[in-house]
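Report on one structure; see the data block that follows.
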Amino acid sequence: MGTTAAAGGGGGPARWWLSWLGLCFWAAGAAAARGTDNGEALPESIPSAPGTLPHFIEEPDDAYIIKSNPIALRCKARPAMQIFFKCNGEWVHQNEHVSEESLDESSGLKVREVFINVTRQQVEDFHGPEDYWCQCVAWSHLGTSKSRKASVRIAYLRKNFEQDPQGREVPIEGMIVLHCRPPEGVPAAEVEWLKNEEPIDSEQDENIDTRADHNLIIRQARLSDSGNYTCMAANIVAKRRSLSATVVVYVDGSWEVWSEWSVCSPECEHLRIRECTAPPPRNGGKFCEGLSQESENCTDGLCILGIENASDIALYSGLGAAVVAVAVLVIGVTIYRRSQSDYGVDVIDSSALTGGFQTFNFKTVRQGNSLLLNSAMQPDLTVSRTYSGPICLQDPLDKELMTESSLFNPLSDIKVKVQSSFMVSLGVSERAEYHGKNHSGTFPHGNNRGFSTMHPRNKTPFIQNLSSLPTRTELRTTGVFGHLGGRLVMPNTGVSLLIPHGAISEENSWEIYMSINQGEPSLQSDGSEVLLSPEVTCGPPDMIVTTPFALTIPHCADVSSEHWNIHLKKRTQQGKWEEVMSVEDESTSCYCLLDPFACHVLLDSFGTYALTGEPITDCAVKQLKVAVFGCMSCNSLDYNLRVYCVDNTPCAFQEVVSDERHQGGQLLEEPKLLHFKGNTFSLQISVLDIPPFLWRIKPFTACQEVPFSRVWSSNRQPLHCAFSLERYTPTTTQLSCKICIRQLKGHEQILQVQTSILESERETITFFAQEDSAFPAQTGPKAFKIPYSIRQRICATFDTPNAKGKDWQMLAQKNSINRNLSYFATQSSPSAVILNLWEARHQHDGDLDSLACALEEIGRTHTKLSNITESQLDEADFNYSRQNGL
């Protein structure tokens, strides 16, 4: 109850009446005077007649103002002659009181009830050390009583959750913890969890606990716990819904026990099997590891296989006879060809040149023969044969088109006339002739590309444009780094390496290298697994770092956890590849952050790494870059188009550009992106809308088709198709057409070709932005976007745990790092590693504004990083270098 003040002293009836008269005068006059601006404050106690102190039947309660609606505060006391409200230490005006009086029938005492209204404006205008408050003071004949203080606050509930629950994939019987921090509000919001839009009652399920600081805890995950979980926050003002978090409970497969050994086979082996059904993998769980079938010798190695019956004897006898017959035939043909070397040949099969179906026309002219009656009369003994068909080669070097020893040596007088769209696309004129007797002769130099000299017994392809393609097997860059760290970039490849400050001890410096394998991939895919990135090597392998470095590798997957299972793999010293982790796994040894076009990996050891993908559904998509190049052929009327479909990684396209530079090709249209689905349907490439009466395309090459497997698993040389166009007249210099690249039942792209075939009139299209090619190695503070002094302040602020959760975990969340946070928790400075990852992701844009906004949202700092002037950065770097003895 409140405090009381009683009238004291005796004095008899006369004194009591004087007190009573004083009270009457106060009620009639003093209270009215309080209603004026200069009225006196009501007394805390007044003289009272003998009786009872006021007792509060109802005291004012704490209240919240919702929107703009005023609230009413009530008081009821007995016996009470008057009740007034005092708010924030000041008496409330009498006119603002509404009073009611009644008689308590049981006690005969007078009961008085008073209430006032408090508005939102009154609360907003009050500025004090505590909340707006009001209190009742009641008078009786004996003295006064005060009620409790009731606080009045403006109710609200913000829109955004401080932390939304994050989806997770957990093994069966694992623990699930979904975090939820409701929006700030007055009064504090109450939290309720929904699963698939149905409320969760933790009292009916002992396995679920929702009492721990608004978090949802499932102690042992069951398959039935998979679903979409939503955190609901509500108070008297509003309700808010968090983002839904998808929880998947998966089951990893396990092997049944081995079956009994089978009976011994005729090959002296028996086998046993086991199946992945105890239990089978479910909800994306891993398939069983190890062998599903095992065999061994069942006679302890004493089994000797022999010829058991007459049928075996006949089989081996027949094989032996066939070998002898083939040997005799080869010897005979060789002797005959040598004896006939002076007469040439009639027909050459075009498959000897290309190994595929091309359009060739060969003519041979025989010299005079002494056996003829009149050698001066040369009969027309020319013979021609034509093979036609579309061509689509993965790379010119994949085919040994023609070698001196195998084809030209025996044909000393042969005259070859080539009419092939493929050969024309490689720069060989339709009328190019080769005379076999002149072994040191060369092809005509009718364009800006040279041709190599033919030499006997040389296995090199006979066209320089083929043999001059880059023979290097890797791209490589190096840099020397020390304690200050830095960044190593492979120009125009999307591959980079970030060495954080302090990763190398102060007394050491290392020459760090980075290379990309451009030869045959050493990672051989298993089953449906495909290579999604280049094989990147960084070293030296024996280098030790004290904090993780960041390796950025481009990839060509259309990122979606629903359709891809993407893995990071590392090559061992024995040359084998082993899985480091799946990008969706929880791991404390490394961290993978998958962006739309690149994967940023935090590692503590150097080596060779690559990304592989296993499509989960037919909707898995590889991103292909499609581009068209063109060049003139030796024949001034012909023009060649080459259409490339390569993995959408900068290094894959750089290889195409390098090849085309050697062949004199020019990019005719901006490359475009093609989404190639893993639905087993092939790729079609066609040339459309060729201007009639100006150009024509060689027969059987207007539309070409590439099998699905060659596109989906094309990890070797760039895949391309060649087309040859011919002008009707030399005056035609403009070419316009469309190149349609489409996957059956899939995506389609159109490349619009509008160009001049004359190099002087052609508009040059830039291959790459040269932003990262000028400085492949940057060391010290200039290599980082965040100034070192600010970086230190951020780390000092967020590495320290905070009761409201505004620590490094919130920093990670604001930078879209929402999974595998246990990796950062194991680091000596989690904030530093998060900032290293930010540096790797923003090496080109350096978007300091986004980082500043993230910090301001957290509310721990208000530094606007982008407002730091260049001079301030330079000064900070200078001071930092001076402090470190640089």
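Here are some notes:
- If you check E529, E506, E535 for being buried (at least 20 other Cβ atoms within 10 Å of the Cβ) and on the phi < 0 side of the Ramachandran plot, only one passes: E535.
- Residues (farther than 21 Å from E169 by Cα and small (G, A, S)) located in the stretch 231-245: A233, A234, A238
- Set S107, S102: member being hydroxyl-bearing (S, T, Y), over 16 Å from Q135 (Cβ atoms) and either without any contact (Cβ under 8 Å) to a residue 12 or more places away in the chain or in a strand (DSSP E or B) (or both): S102
Yes or no, residue by residue, for (1) of a type in the set (A, V, I, L, M, F, W, C); (2) farther than 27 Å from G284 by Cα:
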| site | (1), (2) |
| --- | --- |
| G167 | no, no |
| M175 | yes, no |
| P183 | no, yes |
| V186 | yes, yes |
| A189 | yes, yes |
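- Of everything listed in (1) assigned to a strand (DSSP E or B); (2) open to solvent by 20 Å² or more (accessible area, probe 1.4 Å), the single unmet condition for F629 is (2).
- Filtered residues of the stretch 242-283 (kept if open to solvent by 50 Å² or more (accessible area, probe 1.4 Å) and under 30 Å from P183 (Cα atoms)): L243, S244, T246
- Every residue from the stretch 639-688 that is in a loop (DSSP other than H, G, I, E, B) and among the aliphatic types (A, V, I, L, M): L668
- Entry remark, the stretch 704-734: residues being open to solvent by less than 20 Å² (accessible area, probe 1.4 Å), among the hydrophobic types (A, V, I, L, M, F, W, C) and more than 13 Å from L688 (Cβ to Cβ) number 6 in total.
- Within the stretch 743-754, considering residues that are surrounded by fewer than 16 Cβ atoms within 10 Å (Cβ to Cβ) and closer than 15 Å to V687 by Cα, the one farthest from the chain's Cα centre (by Cα): Q754
- Hits in the stretch 567-598 (condition: outside any loop (DSSP other than H, G, I, E, B), in contact with a helix residue (DSSP H, G or I) (Cβ under 8 Å, 6 or more places away or on another chain) and of a type in the set (A, V, I, L, M, F, W, C)): L593
- Residue count for the stretch 25-69 satisfying the condition of being modelled with pLDDT of 85 or more, out of contact with any helix residue (DSSP H, G or I) (no Cβ under 7 Å at 6 or more places or on another chain) and either surrounded by fewer than 18 Cβ atoms within 10 Å (Cβ to Cβ) or of a type outside the set (A, V, I, L, M, F, W, C) (or both): 12.
- Within the stretch 661-677, being open to solvent by 10 Å² or more (accessible area, probe 1.4 Å) and touching a residue at least 60 places away in the same chain (Cβ under 8 Å) holds for H662, G664, Q666, L668, E669, E670, K672, L673, H675, K677.
- Scanning the stretch 599-625 for residues that are assigned to a strand (DSSP E or B) and either aromatic (F, W, Y) or over 16 Å from the mean Cα position of the chain (by Cα) (or both) gives L603, G607, T608, Y609, L624, K625.
- Within the stretch 207-230, if we keep just the residues that are charged (D, E, K, R) and closer than 17 Å to I172 by Cα, the residue that is least open to solvent (accessible area, probe 1.4 Å) turns out to be D225.
- Checklist (1) touching an Asp or Glu at 6+ places or on another chain (Cβ under 7 Å); (2) at pLDDT 85 or above; (3) over 25 Å from K570 (Cβ atoms) applied to P456, failing item: (2)
- Whichever residue in the stretch 549-563 is in contact with an Asp or Glu (Cβ under 9 Å, 6 or more places away or on another chain) and open to solvent by 10 Å² or more (accessible area, probe 1.4 Å) and, among such residues, is modelled with the highest pLDDT: H563
- Test result for C556, in contact (Cβ under 8 Å) with a residue 24 or more places away in the chain and more than 25 Å from S528 (Cβ to Cβ): no
- The stretch 522-533, subset farther than 20 Å from F606 by Cβ and not small (G, A, S), residue modelled with the lowest pLDDT: D526
- Here G502 does not qualify as under 27 Å from K677 (Cα atoms), in a loop (DSSP other than H, G, I, E, B) and out of contact with any Pro (no Cβ under 8 Å at 6 or more places or on another chain).
- Test: S515 is farther than 19 Å from L593 by Cβ and buried (at least 18 other Cβ atoms within 10 Å of the Cβ): yes
- Contacts under 8 angstrom Cβ, first residue in the stretch 809-836 being among the basic types (K, R), partner assigned to a helix (DSSP H, G or I), 6 or more apart: K814/A854; K814/L855; K814/E857; K814/I858
- Taken over the stretch 184-206, the residue count meeting the criterion of being surrounded by 17 or more Cβ atoms within 10 Å (Cβ to Cβ) and within 29 Å of the chain's Cα centre (by Cα) is 1.
The values are calculated or read from the model by the stated rules, or taken from the named source; none is laboratory data. The structure displayed is predicted, hence computed values, not measured ones. We place every Cβ from the backbone using ideal geometry, glycine too, and count neighbours over all the protein chains shown. Surface areas here come from the heavy atoms of the whole protein model, side chains and all, with no ligands, DNA or RNA. Shrake-Rupley method; radii C 1.70, N 1.55, O 1.52, S 1.80 Å.
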